[in-house]
Amino acid sequence: MGSGHLCLALMPFHRLLALPFMHAGRGLVSFPIATTVPTTTSEPQPLSPPLQQPPADAARRRRRRTLSMATLRNLKIKTSTCKRIVKELRSYEKEVQKEAAKTADMKEKGADPYDLKQQENVLAESRMMVPDCHKRLETALADLKATLAELKDSNEQGVEIGEAESTIAEVEAVVKPTEE
């Protein structure tokens, strides 16, 4: 190894404060620094022992198991996504009912027109979220069905499959009434 040059423009500010400042009148000044590290032996030591290659059939089995586990994991994730979106949809529907009742109450009491307008804006925003949730739910349901079909084609077994089927039935019950 040899020596290198340290460019002040590339150093962190706290390091610049520790260096003696030399002004050469031309902008940046470089200082020679040593880049050699003293070693006790002349031969480089390996960082870790060499890895042994597993037999080809074991690698193939591990890869197949990893692929199926990833697919089961994806199925579980997509099932949870559908459940979460159904929960969000129900929450937004309750919020719309609550805000509609509050708006009607404000109209009955003859509230300030500005406050009434703000409340109507809140109600409109809540109503906009319901169709958005339905669209996301339909997309998530399609993804879940595709993943489930892929798993059934590969003859996978697991608790996740039964859970996904029950979630599909629940989601279809929520989505169907709005399509009619």
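A few notes on this one:
- 30 Å Cα-Cα threshold exceeded, pairs from Lys98/Lys145; Lys107/Lys176; Lys83/Lys117; Lys83/Lys152; Lys87/Lys145: Lys98/Lys145; Lys107/Lys176; Lys83/Lys117
- Residue-span extension gain [Gln97 to Asp115] - 0.36 nm each, minus C-alpha spacing: 4.6 nm
- Here the label points at Met106 and Met128, each 7 Å from Cα along the C-beta direction, are separated by 1.6 nm in the simple model.
- Where labels lie 7 Å past Cα in the beta-carbon direction, separation of Ser80 and Lys135 in nm: 2.6
- Prolate/oblate/rounded call for the stretch 70-179, Cα gyration tensor, a/c under 1.5 rounded: prolate
- Computed packing ranks the peptides 135-145, 93-103 as 135-145, 93-103, most packed first, by mean other Cβ atoms within 10 Å.
No value in this document is a laboratory result; all are computed from the given coordinates. All figures in this text were calculated on a predicted structure; none of them were measured in a lab. A quick note on method: Cβ atoms are made from the backbone with ideal geometry, for glycine too, and the neighbour counts reach across all protein chains shown.
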